[in-house]
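First comes the structure, then the notes that go with it.
The values are calculated or read from the model by the stated rules, or taken from the named source; none is laboratory data. Predicted model only: the values in this text are computed from it and were never measured. Positions of Cβ are backbone-derived with ideal geometry, glycine not excepted, and every protein chain shown enters the neighbour counts. Surface accessibility is based on the protein's heavy atoms, side chains included, excluding ligands, DNA and RNA. Shrake-Rupley method; radii C 1.70, N 1.55, O 1.52, S 1.80 Å.
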Amino acid sequence: MSSPGEYYHSLPPITKAYGTVCLAVTTVCSLKLLHPAYIALIYEDVFYRFQVWRLFTSFFFLGNFSINFGIRLLMIARYGVQLEQATFDRRTADFLWMMIFGGLTLLGLSAIPFLWNPFLGISLVFMLLYVWSREFPNAQINIYGLLNIKAFYLPWTMLALDVIFGSPILPDLLGIIAGHFYYFLTVLHPLSTGKTYLKTPRWVYPFTLISSLVRTIFLITNLKSLNHSH
């Protein structure tokens, strides 16, 4: 059985980076070292006070430490990791572009007054969940040891659970909309027409090359330390 450190280092780069930043931001906010209001998506502050960081930081807050936060983090660790390792295997740039496109879609949706949400982290996680459910529709999922469902229905089941437990459903719905929009443009529409309109831009690839280089250097360093220990 691998140690927590070994498991962490085995995670694919994009999912690992996103989950790590989400955990760090939530920790800082929960310890009251940073008020969430300073990283929330407030378009008036973005355009009139030039606080452009809000366009990015709003994706990294999943709420204060709670059961819901733990569930969202586990969703990243399970469904995001499986997407990156299986569906997007050797296609790190495509996976990164999926998240960037999802983020841009969510920012656009949140610009609509009645769809505005100050924190888009949960929505981005739900987008990952939705795309995963479409890629692995027949996978069997056990819900709290009480119910077995097909993965295709998981986003809607999680949405229903949020309704039952009184959690806001707007973040979930935004994520489902963004996920379906991406899946439609990259899978459904090309299958029906033979044309693909959403392709990974060239400028995304250098970012994934840097992450691969860092990962390779880390693996080499680990191997050298293991050899020295023996």
Filtered residue count, region 1-13, keeping only those that are surrounded by fewer than 18 Cβ atoms within 10 Å (Cβ to Cβ) and touching a residue at least 12 places away in the same chain (Cβ under 8 Å): 1
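Looking at T157, is it among the hydroxyl-bearing types (S, T, Y), in a loop (DSSP other than H, G, I, E, B) and over 18 Å from L106 (Cβ atoms)? Quick ask: steps written out before the conclusion?
Numbers: among the hydroxyl-bearing types (S, T, Y): yes; in a loop (DSSP other than H, G, I, E, B): no; over 18 Å from L106 (Cβ atoms): yes.
So T157 does not fit the description; no.
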Of the residues in region 136-154, those that are open to solvent by 60 Å² or more (accessible area, probe 1.4 Å) and either among the aliphatic types (A, V, I, L, M) or in a helix (DSSP H, G or I) (or both) come to L146, L147, F152, Y153
Can you tell me which of (1) in a helix (DSSP H, G or I); (2) surrounded by fewer than 18 Cβ atoms within 10 Å (Cβ to Cβ) is the one P118 doesn't meet? (1)
S211, sole failed condition from (1) at pLDDT below 85; (2) closer than 24 Å to F101 by Cβ; (3) open to solvent by 80 Å² or more (accessible area, probe 1.4 Å): (3)
Applying the selection to region 76-91, what residues are open to solvent by less than 10 Å² (accessible area, probe 1.4 Å) and aliphatic (A, V, I, L, M)? I76, L83
Consider R72 against the criteria (1) touching a residue at least 24 places away in the same chain (Cβ under 8 Å); (2) of a type in the set (D, E, K, R); (3) in a loop (DSSP other than H, G, I, E, B): it satisfies all of them except one. Which criterion is unmet? (3)
I71, sole failed condition from (1) open to solvent by 60 Å² or more (accessible area, probe 1.4 Å); (2) modelled with pLDDT under 90; (3) hydrophobic (A, V, I, L, M, F, W, C): (1)
Working only within region 173-198, note down all residues that are of a type in the set (A, V, I, L, M), at pLDDT 95 or above and open to solvent by less than 60 Å² (accessible area, probe 1.4 Å). L174, I176, A178
With the condition kept exactly as written, say whether any residue in region 106-125 is without any contact (Cβ under 8 Å) to a residue 12 or more places away in the chain and of a type in the set (V, I, T). yes
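Residue-by-condition table, conditions (1) over 16 Å from R72 (Cα atoms); (2) in contact (Cβ under 8 Å) with a residue 24 or more places away in the chain; (3) open to solvent by less than 30 Å² (accessible area, probe 1.4 Å):
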position: L96; (1), (2), (3): yes, yes, no
position: R134; (1), (2), (3): yes, yes, no
position: M158; (1), (2), (3): no, yes, yes
position: I164; (1), (2), (3): yes, no, no
position: P171; (1), (2), (3): no, yes, yes
Sole miss for L129 among (1) loosely packed, with under 15 Cβ neighbours inside 10 Å; (2) of a type outside the set (G, A, S); (3) closer than 17 Å to G175 by Cα is condition (1)
Could you check how many residues of region 14-57 are within 19 Å of the chain's Cα centre (by Cα), part of a loop (DSSP other than H, G, I, E, B) and surrounded by fewer than 13 Cβ atoms within 10 Å (Cβ to Cβ)? 1
